[in-house]
Structure formats: C-alpha cells, structure tokens
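> Dropping the structure in here first, questions after.
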Amino acid sequence: MSTLTIRTYPDPVLKEECPPVEAVTQDIRRLLDDMAETMYLNSGIGLAAPQVGKKLRLIVVDVQRGKQGDTLLKLVNPRILNKEGRTKSEEGCLSCPDLLVDVSRFERVTVEALLPDGRETTIEAEGLLAICLQHEIDHLNGVLLVDRLSSLRRSLYRKKRLRENAASTPKDDESQSPPRLL
Ligand code: NI
C-alpha cells in the first residue's frame, strides 16, 4: 500500500462530477486500500477518490477510525436510496484545510454500493456515519464544503488558500487537526 497526496481547494479536480466505476478490478481494490491508508494517516473519517485526484466513484469511510474493530467501509458507486429526518452539525474536510462549516444533512440514509469483491451491499446509516456518507457522496458530485459558504466567505477563503498554497510552508503542528475531517 502507499499513501496518496490529498488535493485541496481550489484544485479543479474537486469540482468535477465523477463517472461510475464500470468494473471492480484489482487496480480499483488497490486504490481503495491506498485511499484508506491515506485517510488514516491524515486522521480523517472519510475520503473520496477525487480528493486524491482520481475521477472515480469510490469512497472510504471509518467513523471509528479503526478504534473499535474493523469498521472500515470501502464503497464503489455509492448512491443514496432513501433519506429521512434532518440534522445539523459542524463538518471539516481534508480538502478544505482550516475550515469548519455547519451543514444540514439527512439524519438517516440508506446507501447502496458495490463492495471491493463486487458484491452489492445496502447500508442503513444514522448519526455520524450518515453524515459522513453524504459528505463523501457530495465529493463524487463535485460538491465541497466551500459551496455551502456565502459568496463573500468563499471568496475570502479562496484567497487565503491561494496565499497559503503559494507560500507552501509546512504546518507547525500537524497533530492539532480539527475534528471530523471527511
Ligand atoms: Ni471532504
């Protein structure tokens, strides 16, 4: 396995709609493993393929971050079948450093996807898992947390990111990552 570089806003790959994966091949399985490793290394609870520069409908999610047995989900072509209720919480994103946004989501979702072995699965999710799945599926449709900001806040954040990308100074304290990086 290897770790991948996380693309950050305003990288254009994050704005694209990803096409479905046609066949779950060995390459796809390898990419899912690398995405999971990259997610854990960056203290994330979810990661979508466009965040590592791949235009494919693939996500990995582990809201327990491996702390309570094997709770890692590696999903191909995930899609929301049913949704109900509303909930609001603060979300962060590995592709939008130093940004936390209050986001309104469905409280419960049913998600259909393919597993790495090609079998179909249906996941009934609520709480943080439901939020995380909706956040990652947003990524596959080119939707980012920044799209939920007012145009003024978005433009300020964009300038800040461009400035920091240009300076590209490594962060002093990588261990102080905000909660809920999806
Ligand atoms: Ni994200």
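The values are calculated or read from the model by the stated rules, or taken from the named source; none is laboratory data. Being a predicted model, the structure only gives us computed values, none of them experimental. Quick reminder, even Gly has a Cβ in these numbers, built from the backbone with ideal geometry, and neighbours come from all protein chains shown. Note: accessible area is taken over every heavy atom of the protein model, side chains too, but ligands, DNA and RNA are not part of it. Shrake-Rupley method; radii C 1.70, N 1.55, O 1.52, S 1.80 Å.
> State the percent of C-alpha pairs, over all pairs in the range 12-168, separated by a distance greater than 24 angstrom. Don't jump to the answer; show the numbers that get you there.
Numbers: 3942 of 12246 pairs.
Roughly 32 percent, rounded to a whole number.
> Can I ask one more? Explain nothing, just compute: Karplus ³J(HN,Hα) = 6.51 cos²θ - 1.76 cosθ + 1.60, θ = phi - 60°, for every residue of the range 134-145 in order, whole Hz, x for Gly and Pro.
5, 4, 5, 5, 3, 4, 5, 9, x, 9, 10, 4
> Under a straight-distance cross-link criterion of Cα-Cα below 19 Å, which lysines are reachable from LYS74, leaving out those fewer than 8 residues away in the same chain?
Partners within reach: LYS54, LYS55.
> Measure nothing but the geometry: give the 0 to 90° angle between the long axis through the Cα atoms of 26-41 and the longest principal axis through the Cα atoms of the chain, rounded to 10°.
Value to nearest ten degrees: 50.
> Another question, if that's okay. Ignoring ligands, DNA and RNA, what accessible area per residue does the chain give at 1.4 Å, in Å²?
Details: 9630 Å² over 182 residues.
Normalised by residue count, the accessible surface of the chain is 53 Å².
> If you rank ASP117, ASP33 by how much accessible surface each has, with a 1.4 Å probe, what is the order from largest down? Intermediate values should be presented prior to the final figure.
Numbers: ASP117 95, ASP33 50 Å².
Listed by decreasing accessible area, they come as ASP117, ASP33.
> Moving on. Sort by residue number and report every cysteine in the chain with no other cysteine beta carbon within a distance under 4.7 Å.
Singleton cysteines: CYS18, CYS132.
> Roll a 1.4 angstrom probe over the protein heavy atoms and tell me the percent of accessible area of the chain that is carbon or sulfur. Intermediate values should be presented prior to the final figure.
Details: 4510 of 9630 Å².
Result for the chain: 47 percent of the exposed heavy-atom area is carbon or sulfur.
> So what is the calculated 222 nm ellipticity per residue for the chain, using -39500 (n - 2.57) for each DSSP H run with n of 4 or more, over all residues, to the nearest 500 deg cm²/dmol?
On the way: 3 runs with 47 residues, N = 182.
Here the helix-only value at 222 nm equals -8500 deg cm²/dmol.
> Something else now. Just grab the label-to-label distance for LEU156 and GLN26, each label 7 Å out from Cα along the Cβ direction, in nm (one decimal).
Computed distance between label sites LEU156 and GLN26 equals 5.2 nm.
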